[in-house]
Amino acid sequence: MVNESDVEGIAKLADISISKEELGAFTSRFNDILEYFDILDQVPPGEEGVPDLGNVLREDVVTPSLSQEEATANAGGTEDGFIRAPRVM
Amino acid sequence: MDTDQQVIIGLEIHCQLNTKTKLFCGCSAEFQGAPPNTHCCPICLGLPGAMPRLNKQAVIYALKVAKALNLEVPEYSEFSRKNYFYPDLPKAYQISQYDKPIAEKGYLEIENDEGHTKVVRITRIHLEEDPGRLVHKTGRDRAGYSLVDYNRSSIPLIEIVTEPDLRSPKEARRFLNKLRSTLEYLEVFDGEREGAIRVDANISIKGHNRVECKNISSYKGVEKALNFEITRQRNLIRRGQYITRETRHFMEGRGITTSSRSKEEENDYRYFPEPDLRPLRVRSWLDGVELPELPDARRDRFMRDYGISVNHARTLTGDLKVADFYEQIAGVDPNLAATWVADILLGELNYRSMKIDEIPAINIGDLIALIRDDAITDKSGVEVLRTMLDHCLNKEDCPMPADIVAEAGLGKVKGGEFDAVIASVVEANPQAVSDYLAGKKGALNFLVGQVMKETRGRADPKVLNAQMSTYLDALEE
C-alpha cells in the first residue's frame with residue numbers, strides 16, 4: 001500500500017506536478033494497480049512465457065545516422081545545430 | 001603523519017571505449033570535431049519506440065579490462081535504468097548497470113609513495129552509456145539556457161570503481177596513470193581524446209564523513225581537486241567543525257570544489273532492470289579473451305632484454321607509444337636510446353606539446369647513432385634534436401640528423417682543430433692565464449668555457465679540458 005506522501009515523492013521524481021485535490025485520486029489509483037500485481041503473483045510460475053534469452057548483441061558496424069535537420073526536427077528550439085533546452089542547475 | 005589525519009580516497013573512473021559505434025546503436029563513435037547532432041539516430045536520441053541494441057565489441061572490451069584488472073565475471077549480469085531529469089539524457093534515464101555489473105572484485109598493482117608495490121582493490125566495473133554534451137549559455141534575460149549536442153549520447157563507457165585504498169593525491173594520480181596505460185595497452189581506450197576519462201573521487205579524513213567530488217576531467221585535475229579537498233577538510237576539523245557528507249563539484253579553472261547538492265535534493269535514481277535489453281551471460285567468454293603484454297611485464301622485459309635501469313624501463317613503458325618508439329631504436333644502443341628518449345626527448349616533446357608519434361623513430365635512431373659513434377657531442381645532440389622537433393612542429397619534413405650536423409657545422413671538433421682556438425683564447429685572456437699559472441685552477445674552467453663558446457659546443461669538454469691544461473702547463477715551462 002502506498003500513501004499520499006509516497007505519491008507526492010514519486011510525482012516529484014517524475015517531474016510532474018499534482019495538486020492537493022488530485023493527490024487522493026492518484027493514491028487510490030496507485031493502490032489499484034498494486035492490487036493487480038497481487039493477482040498476478042497468484043499465477044503459478046510455468047514453462048510458458050518469455051524464453052530466457054541472453055547475450056542478444058549486434059556487431060560493431062557503423063550504420064547511417066540521421067541528418068542534423070532530421071535529428072533536431074522535433075526540438076522546441078535550435079541554435080547552430082544544437083538543441084535548445086531550458087537551463088537546469 | 002598523524003594517523004588521525006589519515007587520508008582515505010576511492011575513485012570512480014569513467015573511460016570511453018574506442019569502439020567504432022555507440023553502445024546501443026550503429027551511429028559512428030568518431031564524433032570528435034563533427035557538427036552537433038550529426039551522429040544521432042532514433043535510438044541515441046531516445047525517440048519513442050526506439051529499442052537499444054547492445055554492441056558486442058563493447059562487451060568484449062569490458063571483459064578485456066576485467067581480465068587485465070583481475071576481476072571476476074559473474075555468470076549473470078544485466079543493465080538497469082538510472083532515472084533522472086537532465087537535458088543531456090534524451091530518454092530521461094541512462095542505461096547503466098546497477099546491482100549486477102559485468103565484473104567484480106579485482107585489483108591493480110601500483111607503486112606507493114615509498115616506492116613499494118601496492119595493491120589497489122577494484123570493487124567493480126560496469127558498462128554504461130555516455131550522456132550528451134551541454135553548452136551553457138547566458139541569455140538576454142540572464143536566466144540562461146543550454147545547448148545540447150547528442151553526438152556523445154550513448155558512446156560506450158566503462159566505469160571502474162576502486163575500494164577506498166588510496167592514501168594520498170599522488171597515489172591517486174599514479175593509480176590513474178597506471179590504469180590509463182593498462183587500458184591503452186589493451187587498445188580499448190584512447191587517452192588522448194578529450195574527455196576520454198572522467199573521475200569522481202570519494203575522499204575523507206579517517207573518522208570523519210566522506211565527500212564525493214565530481215567532474216574531474218584531467219589527470220592533473222585529480223591531484224589538484226584532492227589536495228584542495230584535503231586542505232578544506234583538515235581546516236574544518238582543526239576548527240572543530242563538522243564535515244558534511246555531500247557531493248561537491250570540482251571547478252577545474254579555479255582549482256576548487258564547491259558544494260553542489262543539498263541533502264533534500266539528493267537524487268533517488270529509482271534503478272530498475274532495463275526491460276529493453278536481455279541479460280548477459282558472458283563468463284565463459286573470458287577464456288577466449290586474449291591479453292597483450294601489459295605495462296609491468298613489458299617493463300620487466302625491457303630491463304631483462306635491454307639491460308636498462310628500472311626507472312628508464314618504467315618511464316618508457318608507461319606509455320604504449322613511447323614503449324613502441326623505444327623498441328624501434330633500441331637496436332642502435334639500448335642504454336643510449338633509453339637515456340635519450342626517457343630523459344631528453346620526452347621533455348623536449350612536452351615543452352612543445354608534441355606527441356611522440358609526431359617524430360619519425362628513424363630520425364632519433366640516427367641521432368643516437370651519431371652520439372654513439374662520437375661524431376657529435378651530447379650538447380650538439382640536443383641542438384640537433386631541437387632543430388628536428390621544431391621542423392616537425394611546423395609540419396615540415398623532419399630533416400635527418402646528419403644533414404643538420406653538416407649544415408650547422410655541429411660535427412665534433414677533433415684534434416688539431418682545437419689548437420688555433422685555444423691559442424687565440426689564451427691570447428685574449430691574459431688575466432685568466434696568469435691566474436691559472438698562479439695556482440687558481442678555477443681559471444681553467446673559464447678558459448675552457450671560452451673555447452666552448454667559440455666552437456659552439458662542438459668540442460668534447462673532457463678532451464678540451466685536458467688539452468687546455470696541457471697547453472697552459474707548457475706555457476709555464
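The values are calculated or read from the model by the stated rules, or taken from the named source; none is laboratory data. Source: prediction; values computed, not measured. When we count neighbours, we look across all protein chains shown, and the Cβ atoms used for this are built from the backbone with ideal geometry, even at glycine. Calculation scope for accessible area: heavy atoms of the full protein, side chains included, ligands and nucleic acids excluded. Shrake-Rupley method; radii C 1.70, N 1.55, O 1.52, S 1.80 Å.
The single condition among (1) away from every other protein chain (no Cβ under 11 Å); (2) over 24 Å from B:Val148 (Cβ atoms); (3) hydrophobic (A, V, I, L, M, F, W, C) that B:Ile95 does not meet is (2).
Give region B:90-110 a look and list any residue that's outside any loop (DSSP other than H, G, I, E, B), more than 9 Å from B:Ser77 (Cα to Cα) and open to solvent by less than 40 Å² (accessible area, probe 1.4 Å), or say none. Lay out the reasoning, then the answer.
Of all residues in region B:90-110, those outside any loop (DSSP other than H, G, I, E, B) come to B:93-96, B:103-110.
Narrowing further to those that are more than 9 Å from B:Ser77 (Cα to Cα): B:93-96, B:104-110.
B:Tyr93, B:Gln94, B:Ile95, B:Ser96, B:Gly106, B:Leu108, B:Ile110, listed by residue number.
Looking at this structure, is B:Glu223 in contact with a Lys or Arg (Cβ under 7 Å, 6 or more places away or on another chain) and either farther than 27 Å from B:Gly33 by Cα or assigned by TED's automatic domain parsing to the domain that holds B:Ile160 (or both)?
In short, yes.
Only residues that are at pLDDT 90 or above, more than 9 Å from chain A (Cβ to nearest Cβ) and either in a strand (DSSP E or B) or open to solvent by 10 Å² or more (accessible area, probe 1.4 Å) (or both) were counted in region B:134-158, giving 4. Of all residues in region B:160-172, those satisfying the criterion of being closer than 30 Å to B:Leu134 by Cα and surrounded by 19 or more Cβ atoms within 10 Å (Cβ to Cβ) are B:Ile160, B:Thr162, B:Pro169, B:Ala172.
Could you list, in sequence order, the residues of region B:94-126 that are more than 23 Å from the chain's Cα centre (by Cα) and of a type in the set (A, V, I, L, M)? Passing the criteria: B:Ile95, B:Ile102, B:Ala103. Pairs please, first residue from region B:18-43 and more than 20 Å from B:Glu192 (Cβ to Cβ) and more than 7 Å from chain A (Cβ to nearest Cβ), second anywhere and of a type in the set (D, E, K, R) and surrounded by fewer than 21 Cβ atoms within 10 Å (Cβ to Cβ), Cβ atoms under 8 Å, 6+ apart in sequence or on different chains. Once the first residue is more than 20 Å from B:Glu192 (Cβ to Cβ) and more than 7 Å from chain A (Cβ to nearest Cβ) and sits in region B:18-43, its partners that are of a type in the set (D, E, K, R) and surrounded by fewer than 21 Cβ atoms within 10 Å (Cβ to Cβ) give B:Phe24/B:Arg53; B:Cys25/B:Arg53; B:Ile43/B:Arg53. For B:Thr339, are the conditions met, namely being among the polar types (S, T, N, Q) and within 30 Å of B:Ala62 (Cβ to Cβ)? Judged against the criteria, B:Thr339 is not a match.
When the residues of region B:430-477 are filtered to those that are part of a loop (DSSP other than H, G, I, E, B) and more than 26 Å from B:Gly409 (Cα to Cα), the one that is nearest to the chain's Cα centre (by Cα) is B:Lys441.
Got a sec? Which helices (runs of 4 or more DSSP H) wholly within region B:326-396 have at least 3 residues that are open to solvent by less than 30 Å² (accessible area, probe 1.4 Å)? Spell out the reasoning first.
Details: elements: B:334-338, B:346-351, B:361-372, B:378-393.
Once the helices (runs of 4 or more DSSP H) in region B:326-396 are filtered for at least 3 residues that are open to solvent by less than 30 Å² (accessible area, probe 1.4 Å), what remains is B:361-372, B:378-393.
Looking only at residues in region B:111-133 that are of a type in the set (D, E, K, R) and in a loop (DSSP other than H, G, I, E, B), which one is surrounded by the fewest Cβ atoms within 10 Å (Cβ to Cβ)? Write out each step before concluding.
Restricting attention to region B:111-133, the residues satisfying the condition of being of a type in the set (D, E, K, R) are B:111, B:113-114, B:118, B:121, B:124, B:128-130, B:133.
Right, trim to in a loop (DSSP other than H, G, I, E, B) and you get B:113-114, B:130.
Details: B:Asp113: 11, B:Glu114: 6, B:Asp130: 22.
Here the answer is B:Glu114.
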